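Peer 1: Have a look at this one.
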Amino acid sequence: MRVFLLLGPPGAGKGTQARRLVEKYNWGYLATGDLLREEISKGTPLGNQIQPLVTNGKLVPDELIIALVGTHLQEGRDYLLDGFPRTVPQAEALDQLLRSRKATFKAAFLLEVPEEVLLQRIQRRAAIEGRADDNPETIRTRLQEYHTKTAPLIEYYRQRGLLYRISGVGEVEEITQRIDNHLSTLLKE
Ligand code: AMP
């Protein structure tokens, strides 16, 4: 089992790139944001507990996320992770989980996009998808959460030689190609 991660701020294009890569490589796909929105829409106890946090753009506590991932990550296939880990404790918990399953974390692809482009993209997505957390106030909170809690993961993976910086600006296809250039080497290892 090999694991790849898409890392980057809200609006960087993680979901868009993830869908393309998962289809191309036939990987499993785990997006904690999607799982949480599903819990909320079903009105499960977890969904009700986390709904105010997600709606306000705050991160959900690490232990809830780690438990959720543990139940969804199936053995015996490669995975693309999107939106998890989002904090250093989550990354440490993932490393431990992967060790216990004899799986390898292969690469973190960091999608780099200037902040003004992020804001434009999120506003466009708000108009198309109607996500409750894509409003101006919440976007500010989500970017703040990213900078304070998630950005330290860049250093975490860089120190381990697992970070690949990808320009997230340009056509969707071009950006996939940039990731693919690295994957063609990584998948041969
Ligand atoms: P996303 O769809 O990845 O942008 O996630 C939407 C929201 O779900 C985030 O703003 C957080 O409130 C919550 N969330 C998703 N993944 C995580 C995570 N790994 N850790 C904490 N909160 C998360």
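The values are calculated or read from the model by the stated rules, or taken from the named source; none is laboratory data. Just so it is clear, the model here is predicted, and its values are computed rather than measured. Please note that ligands, DNA and RNA were not included when accessible areas were found on the heavy atoms of the full protein model with its side chains. Shrake-Rupley method; radii C 1.70, N 1.55, O 1.52, S 1.80 Å.
Peer 1: May I ask you to give the percent of accessible area on segment 10-148 that is carbon plus sulfur, with a probe radius of 1.4 Å? Walk me through the numbers on the way to the answer.
Peer 2: Values: 3600 of 7170 Å².
Here carbon and sulfur together make up 50 percent of the probe-accessible area.
Peer 1: Dimensions of the chain along principal axes (Cα, Å, largest first)?
Peer 2: Dimensions of the chain along the principal axes of its Cα atoms: 44, 37, 30 Å.
Peer 1: OK, next. Relative contact order for the chain using alpha-carbon pairs under 8 Å, separation at least 6, rounded to a whole percent?
Peer 2: Normalised by residue count, the contact order of the chain is 33 percent.
Peer 1: Hey, how many Å between the Cα centroid of segment 117-189 and the Cα centroid of segment 42-114?
Peer 2: 15
Peer 1: Work out the count of Lys pairs in segment 1-112 where the Cα-Cα distance is under 19 Å, with the pair 8 or more places apart or on different chains.
Peer 2: Counting lysine pairs in segment 1-112 gives 4.
Peer 1: Skipping prolines and chain starts, which residues have an amide H placed within reach, meaning under 5 Å, of the one on Asp78, given they are 5 or more residues away or on another chain?
Peer 2: Answer set, sorted by chain and number: Arg2, Gly28.
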